[in-house]
Amino acid sequence: MTALNSLWTASRGEQVISCDLIVSGHGQPILRCAFGPQSVIRSQCIASADAAAEVAETWKAALMQQGFRIVSRPLQS
């Protein structure tokens, strides 16, 4: 079973990029930014949820410097 946790979504005009943490029952979790399921921009194996949050923030900051804006974030519990 694979779980997909959305961390944030950014947009710039028609471009929309999502950042997701993919956790499967097999192997290491993967942090992925993509235009869609088949258009991966960047992905990285991640050791922990804390590490995923740090890397995702770095990727988000880089996109914001390129003119993207954050349009959604995960719900806070």
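Each reported figure results from applying straightforward, stated rules to the coordinates on display, with no laboratory input. Quick caveat: nothing in here was measured; it's all calculated off a predicted structure. Note that we place each Cβ from the backbone using ideal geometry, even for glycine, and neighbour counts take in every protein chain shown.
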All positions within region 6-55 that are touching a Cys at 6+ places or on another chain (Cβ under 6 Å) and closer than 17 Å to residue 70 by Cβ: 7, 8, 17, 19, 33, 41, 42
Can you pull out the strands (runs of 3 or more DSSP E) entirely within the chain that have at least 3 residues that are under 11 Å from the mean Cα position of the chain (by Cα)? 2-12, 15-24, 30-34, 40-45
Can you name the residue in region 5-31 that is in contact with a Leu (Cβ under 9 Å, 6 or more places away or on another chain) and more than 13 Å from residue 49 (Cα to Cα) and, of all such residues, is surrounded by the fewest Cβ atoms within 10 Å (Cβ to Cβ)? 12
